[in-house]
1. Let me confirm something: among A:F436, A:F492, which residue is touching a residue at least 12 places away in the same chain (Cβ under 8 Å) and facing chain B (nearest Cβ under 10 Å)?
2. Limited to the range A:103-160, what total is found for residues that are free of Cβ contacts under 8 Å to residues at least 12 places away in the same chain and small (G, A, S)?
3. Restricted to the range B:55-74, and to residues that are in contact (Cβ under 8 Å) with a residue 12 or more places away in the chain and hydrophobic (A, V, I, L, M, F, W, C), which residue is farthest from A:P629 (Cα to Cα)?
4. If you go through the range A:141-169, how many residues are modelled with pLDDT of 85 or more and in a loop (DSSP other than H, G, I, E, B)?
5. From the list A:K421, A:K466, exactly one residue is farther than 21 Å from A:A272 by Cβ and of a type in the set (K, R). Which is it?
6. Is one or more of the residues making up the range A:477-484 within 13 Å of another protein chain (Cβ to nearest Cβ) and at pLDDT below 90?
7. Out of A:G419, A:G407, report the one residue that is closer than 20 Å to B:G107 by Cβ, more than 9 Å from chain B (Cβ to nearest Cβ) and outside any helix (DSSP H, G or I).
8. Residues being surrounded by 14 or more Cβ atoms within 10 Å (Cβ to Cβ) and not in a helix (DSSP H, G or I): count how many of those fall in the range B:71-84.
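The values are calculated or read from the model by the stated rules, or taken from the named source; none is laboratory data. What you are looking at is a predicted structure, and each value in this text was computed from that prediction instead of being measured. Positions of Cβ are backbone-derived with ideal geometry, glycine not excepted, and every protein chain shown enters the neighbour counts.
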Amino acid sequence: MVDTLVNFGLGALVLTFVVSLYGIGAAVLGYLRKQDNLLESARHAMLLTFPLLTISVTMIVILLLQNHFEVSYVSQVTSRSMPAYLKVTALWGGQPGSLLFWSWLMAIFSTMVALRDWSRDREFMPWVIIVVLVTLTFFLVLTVFFENPFARLWAVQNAMGGEVVESLFRPAGATLFAPQDGQGLNPLLRHPGMLIHPPMQYLGFVSFVIPYAFAIAALITGRTDTRWIRITRKWTLWAWLFLSLGLVLGMRWAYDVLGWGGYWGWDPVENAALMPWLTATPFLHSVMIQEKRGQLKRWNMILVILTYDLILFGTFLVRSGVLSSVHAFAASPIGPLFFGFIALTFGVSVYLLTQRWDALHTDTQMTSWFSREAFFLLNNLFFVAILVIVFVGVTYPITTEALGFVGEAFPSVSHIFTGQKVTVGADWYERATGPFWAALIFLMGVCPLTAWRISTMKSLGRNIWKPTAVSFVVPVVLVAVGMRNWLGVFAFWLTALVTAVTVYEFYKGAAARSRRNQTNFFVELWKLIGRNRRRYGGYMIHFGIVLMALGVIGIEMFQTQTQATIGLGESATLGEYDITYDSLAEFDTADNRNVARAVVSVYKDGDRVGELYPRRDFFYESRQPMTIPGVRSTLGDDFYIILVDWQPISTQRATFKLYHNPLVNWLWIGSFVLIFGTLVAAWPERENEAVRTAAHETRAAVTG
Amino acid sequence: MRNLRIWLLALLVVVAVYGAAPPKVVLAQDNGPQPTPSDDEVNAIAREMYCPVCENIPLDVCGTQACAQWREQIREKLAEGWTEDQIKDYFVQLYGDRVLSEPPRRGLNWVIYIVPGLAFVVGAYVLYRGIKTWTAPVVDEPESEEMADTGAEEKDEYISKLEEELKKRG
């Protein structure tokens, strides 16, 4: 049974690898010989990748579900006591499975792009196929040759006695070895947020390969008009949505599971996921300039290339082990391969870009510093500045460690190149990036009110005075009720400004139409959004970001915390909250956990508002503790308790860490608004075809 | 052109003010009899430290036994009258610079303290050069296609632009 499943899955995996190689070859040959049937064959190869990898993935999932611990990967990430849904998600719970899962998602997009209507973009096709399949092939090489999830455990007899080895194929004289039970999934990953987070993150990663592929195709074919941007507009939006969702789910997971009262620790792994987002977001904005004004062709190419390579870089950081030590990186073949592939794709992309540098010359000129284009550029500048900061923060500890050899070779500079690993913590990131985030929020408020080409202070002033006036209500009220955190007041004013501008934009359009057509305001609002979904969807996203900013401000500027050791029946205080320690129970569960669960009464301003149950789970299999906070969550604030320590057996005294996190719920609410806005903007529409045809005709007219 | 400079300047001031005052966690007090020094005093130091084993988890929130022992050591040192800097130095002597949440400001480490400002300045310069070379007085281009420039007196124009925009898409 195991043999059949493994052979089937492995066979499909290897076949996908061969098919991908064939697809690349056929596309190259088809292009060189101008043979359409070869190109068509390459396209079919690309179509085939998804069904083939689906077989492979299905086999692994069956192996996981049926506890076939003879398969090394299965024994590493599952155990008998795990429920079925966790066994399925264990697919992306370890290195080999993650790489296969990555490839599978990539194959979904390969197949989708193969199925699109190519009739008007025939010249792009060979290059899109090549870029997509080369990327897929790279991941397949890693999966097939280095981190194969189908490797099995074998008992081998040798001179030293017996030992268990991991191998794809049966070593001479070996028998299949099946451990009694597996090691189980890392307990930290057993959370709904973590179950959906990796798929979303990976989807965001792989879907960005498509815009990159079209960009490279545009560079190679020299068709450097806005066509590639128009084709990939929706892909980009969807990719951005997945990237954003991946980030938000990761934050939620950290908040619920990591037990340190926050949602974002500027951990290198988090930063690895953030970096592509930091280039994807300005890309979404600056492509609009290229569409509207024909400018920034070079810059958009740079952004899409950066995004693609940052995605590879992020995967490299997480997957190669380089983060724990430079030496771990060299120990695994994955690291150098990734490094080589990033260098190769980046080098080739930059080379192609320089070849087309002149062709990407901007047709129109910028007319004013005071225009929407200029503000968009400022937005780009801030995003890239944050990217540079994060990049330096992530790579600096690796660099100092790696540069140790310089100090060894030249003792005179050994005090500079110490080779010591350093830590770059959250405070540094917050200080360095904080001003840029604030500036971006400010731009979000001003930008929608500026005009393309040229604005004047007068026209901007005329547009902005009403929303600005309204927005000042917020700081005035805050100061009136006694807030003296001036930075906080300023931050809240910024969010109020963006909210007012956004609402005003909707109101202005709908009110004008409803006055003129003598129709209902809300009907007109509905029509307005429906007929320019990209624009108004974009404003909804802005609004979502503002709501999320409220949560960020709440935690970053107004979080309070305390830690107290109290006896049974005693209480501890944090601000307007009191807790009393009622009891604590320790018990073992059926799924091999030891749980210590405290019961704590929560009082707000003296009134009892409920009970919380902060917990510490200890997983016997992996010998890992997990801290699960007790959280009382309202729209205004979260009261978050962690069980830090307790007196064993007697449970007379326990140590709790209390956090008061104002407004943090708006972070999650805002993310829903963001999803909704992106769906409004990205949902496929019928009129798209008409616009495309029109664009095509214009182009045909120009070239013909 | 001058307008934008004023705006940029204003923005820089905002950035500077914001950057100069990093938010700090407020510690609440008054929880009845606590060990001396209190957990909060210990955590105030621990939150700026990392143990070499638990990567990327600040010492004040790390749940492992080893980290709990480090916190107890901090408590003992505090009780003996050590200052925050002395305690940090003690751990640096034993385990290296990596126990600090930020690299000490010396040698190569200056890189990460200079980069954020430098990133902005270089970016702003590139942007300035870029826009300056692109900007040329082009007067005879068609009207702006978006409808941002509207005042009460231009309602009709606004409406017609809005309609035009919507028609183009529909």
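1. Values: A:F492 fails: facing chain B (nearest Cβ under 10 Å).
Being touching a residue at least 12 places away in the same chain (Cβ under 8 Å) and facing chain B (nearest Cβ under 10 Å) holds for just one of A:F436, A:F492, which is A:F436.
2. The total comes to 2.
3. B:I74
4. Residues of the range A:141-169 that are modelled with pLDDT of 85 or more, as a first pass: A:141-156, A:164-169.
Next, only the ones that are in a loop (DSSP other than H, G, I, E, B) stay: A:147-151, A:168-169.
So the count comes out to 7.
5. Working: A:K421 fails: farther than 21 Å from A:A272 by Cβ.
Testing whether each residue is farther than 21 Å from A:A272 by Cβ and of a type in the set (K, R) leaves just A:K466.
6. yes
7. Details: A:G407 fails: outside any helix (DSSP H, G or I).
Exactly one residue qualifies, and that residue is A:G419.
8. Residues in the range B:71-84 being surrounded by 14 or more Cβ atoms within 10 Å (Cβ to Cβ) and not in a helix (DSSP H, G or I): 1 in total.
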